[in-house]
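Data block below; observations after.
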Amino acid sequence: MTALVEIEDLTVRFSGERTVHAINGVSLSVAKGEVLALLGESGSGKSVTLKSIMQLLPGRRTQIGGRIRFDGRDVLALKGRALADFRGRDVAMIFQDPSLALDPVYSIGTQIAETVIRHEGVSRVAARSRALDMLKRVRIPSAERRLDNYPHEMSGGMRQRAMIALALACGPRLLLADEPTTALDATVQMQVLLLLRELQQEMDMSVIFVTHDIGVAVEIADRVAVMYAGTIVETGTISQIIKDPRHPYTKGLLAANLHGAVKGSRLDAIPGAPPTLEEPPTSCPFAPRCPSALPVCREARPPLVNRGPGRAVACVLEQEPAI
Amino acid sequence: MLGYLFSRLVSVIPVALGVSLICFLLVHIAPGDPLVAIMPIDATAEQEAEMRAVYGFDKPLPVQFGIWLSNAVQGDLGRSIATGRPVGPEVTRAVGNTLLLAAAASVIGFPLGIFFGFMAGYLRDTVWDRIITASAIAGVSTPNYWLGMVLVIIFSITWPLLPSMGAGPGGSGAWVWDWQHMRHLVLPAITLAVVPMGIVMRTTRALVSDILDQDFVQALYAKGMTRTGVLRHVARNAAPTALSVIGLQLGYLLGGSILIETVFNWPGSGYLLSVAILQRDLPMLQGTILVLAMFFVTLNLLVDIAQSMIDPRISRA
């Protein structure tokens, strides 16, 4: 498999009233047709990583370092028209809350058609029929009628389906999904996940799926990258992560999960809180909360230890003992 | 949509009735006997009673209202107490002049206000934003009658470029669209436009800056829209609220130009009103207020309809 997206040593810093080092050296790659889940808690830099790929972060307050390549092209160097052409055609994005991500004063059909016209320069009629096709593909019932609906006339699940239809209308090769099921009911959540998985396979599309819910990652992902404090602490296939978590943070995350918890017993929450990231981490950012922290953890950033293809852990405990 | 239009039209009827009742009552609540102003001091009680009967002031208020309203609906607003002339034509001419002034001020104020407000909102927190916002605040806070006088001093007295008084050579009734007349419009229109321009600017800035923070704007960029495309979406989202502010400001331009019309001797409804107030000319006052109020009601209706056409949530929800 060849990589479609390669992120190398990405750093993102927000300046303003308070400086935040949101991303501190993230390297990732996503293969063609692969679904990668970015797993982590709020503020771990998952969404920021996604938005960096699209250059959606507020330009004046953001400093981005490192490299992002999409199909060999340097994405961070794209500007103006080329950037606008890239967004929505090569890479599309769906958002956490579709009721906020759709324009309230345009009908769904118009919003989808607008994207198609923008990227493919087709006629209004052709774009509209594409919009209708897309609504059918995401299985919105009575799609013809829904075409002229406004976002506020749809239910949450329907809106997210419409958002997916919009994102996939121009056949992107990469879909960025920013917690697209978090705002939905549990049952609707599962339907949307299944739909996404199905469409991903049909269209042979790569997906980066951001979530804080390991249960969601299991449903959708081939591979998982666990993020903490703007760094990747562990990557592996979904089964490797579930069955054999190596990083203490991943272990904590799994232990804190509701699945398999015994009724009445307390959940094993990870004690402490993530760092505020006003300074870039100079030691292991998880060390203050880590049950197996060593003195060396507080001295330097842990090395990323490779354990087989696509499997890496950023922890000193993974290093071969020094001879 | 048609249903909404119809219900909105029907709802105008009670509003218009209420407004006319208030117009009628307001002038009756005001202290002072209208007849005192015109009766000679040595008039006898019989003469006064006769005069009272002629104008209908001897009947109970509800009856007076009924007569006044049914006449008004037929286009007869009574006769002026001060001049004895019919109120209707006089009000029509004055309101026409006011509308002319308001329209000129709108043409200057609203496009500029919207343009600069949009710019400030889009370029928020930049130097441009600060300059625009500061000028908007200055515009809103400047008393416009003072500004009018300053403009007169500069452009009519120091450099006699523009006239400071009246509506042109033909007097109040003979407006012609030529430079001879239009130059009379320049100073009062600019003076009148400053406050609404500032308000529209500030509203538009706040709206645009607010909308730009919403998620859907990021989503629009994410689907590859160019800046122009995104701004079109922003404009459409800002339009309903901006429209209602413009509607209110238009109302202000119609009714609030009394001071400006006085400063510039503009023969409009404000001028007419102030004269009518001084003379306690009840029919003239009632007629002028009623016509202005009806314009205001119509204006609000038009704004509502326009809003519902732009924002689907208003009519369908």
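The values are calculated or read from the model by the stated rules, or taken from the named source; none is laboratory data. From a predicted model like this one, the values you see are computed outputs, not experimental measurements. Glycine also receives a Cβ, built like all others from the backbone with ideal geometry; neighbour counts cover every protein chain displayed. Just the protein is used for accessible areas: all its heavy atoms, side chains included, with ligands, DNA and RNA removed. Shrake-Rupley method; radii C 1.70, N 1.55, O 1.52, S 1.80 Å.
Descriptive notes on the structure:
- Label zone of B:Asp125 (point 7 Å out along Cα→Cβ, amide N under 11 Å): in region A:38-82 this covers A:58-62.
- Top of A:Lys79, A:Lys136, A:Lys46 by mean-square fluctuation, Gaussian network on chain A, Cα under 10 Å: A:Lys79
- Entry note, chain B: relative contact order of 28 percent, from Cα contacts under 8 Å with a spacing of 6+ residues.
- Helix A:124-137 axis, angle to chain A major axis (alpha carbon atoms, nearest 10°): 50
- Å³ per residue enclosed by the Cα convex hull of region B:163-270: 117
- Sum of -39500 (n - 2.57) over DSSP H runs of 4+, divided by residues of chain A (222 nm, nearest 500): -9000 deg cm²/dmol
- Annotation: amide H of A:Leu38 within the under-5 Å range of A:Phe209, A:Val210, A:Thr211, A:Ala225, sequence separation 5 or more or interchain, hydrogens built in the peptide plane.
- Long-range Cα-Cα pairs in region B:203-317 (distance over 26 Å), rounded percent: 43
- Degrees between helix A:186-203 axis and first principal axis of chain A (Cα, 0 to 90, nearest 10): 80
- Gained length - A:Arg61 relative to A:Gln319, 0.36 nm times residue gap less alpha-carbon distance: 89.1 nm
- The slack in the chain from A:Arg73 to A:Ala300, taken as 0.36 nm per residue of separation less the alpha-carbon distance, amounts to 78.4 nm.
- Max mean-square fluctuation residue, GNM over chain A, Cα-Cα springs under 10 Å, options A:Gly88, A:Gly236, A:Gly72: A:Gly72
- Region A:102-171: relative contact order as a whole-number percent, Cα under 8 Å and 6+ apart: 44
- When restricted to Cα atoms, chain A yields an Rg and a Dmax of 20.5, 71 Å, respectively.
- Normalised contact order of chain A, rounded percent, pairs of Cα under 8 Å and 6 or more residues apart: 21
- From its DSSP helices (H runs of at least four residues, each -39,500 (n - 2.57)), chain B gives a residue-normalised ellipticity at 222 nm of -25000 deg cm²/dmol.
- In this calculation the C-beta distance from A:Glu41 to B:Ile13 is compared with R0 = 56 Å, giving a FRET efficiency of 0.40.
- Free-standing Cys residues across the protein assembly as shown, given no other cysteine C-beta under 4.7 angstrom: A:Cys170, A:Cys290, A:Cys315, B:Cys23
- Solvent-accessible surface of protein heavy atoms, probed at 1.4 angstrom with all chains present, puts B:Leu212, A:Leu147 in the order B:Leu212, A:Leu147, largest first.
- Structure remark: mean-square fluctuation, Gaussian network model of chain A, C-alpha springs under 10 Å; the largest value among A:Pro303, A:Pro271, A:Pro245 belongs to A:Pro271.
- Region A:121-174-region B:287-317 distance, computed between alpha-carbon centres (Å): 34
- With θ taken as phi - 60° and the Karplus curve 6.51 cos²θ - 1.76 cosθ + 1.60 applied, the whole-hertz 3J(HN,Hα) list for region A:289-296 is 10, 8, x, 10, 5, 10, x, 5 Hz, x standing for glycine and proline.
- Given charges at Cβ of Lys, Arg, Asp, Glu: region B:207-317 dipole, positive-most of B:Val234, B:Leu253, B:Gln286: B:Val234
- Stretching the chain fully between B:Ile314 and B:Met182 yields a gain of 43.5 nm (0.36 nm per residue, less the alpha carbon separation).
- Note on B:Ala30 and B:Thr298: with the Förster distance fixed at 25 Å, the Cβ-Cβ geometry gives a FRET efficiency of about 0.45.
- Amide hydrogen neighbours beyond the local backbone of A:Leu10, cut-off 5 Å, H modeled: A:Gly25, A:Val26, A:Ser27, A:Arg67
- Label-to-label distance, nm, for residues given as A:Asp213 and A:Leu100 (7 Å Cα→Cβ offset): 1.7
- Estimated from the Cβ-Cβ distance and a Förster radius of 22 angstrom, the FRET efficiency linking A:Glu153 and B:Tyr4 is about 0.90.
- Projected-area average for the protein assembly as shown over all orientations - Cα convex hull basis, square nanometres: 41.3
- Listed by chain and number, the lysines whose alpha-carbon sits under 27 Å from that of A:Lys79, ignoring those within fewer than 8 places in the same chain, are A:Lys32, A:Lys46, A:Lys51, B:Lys223.
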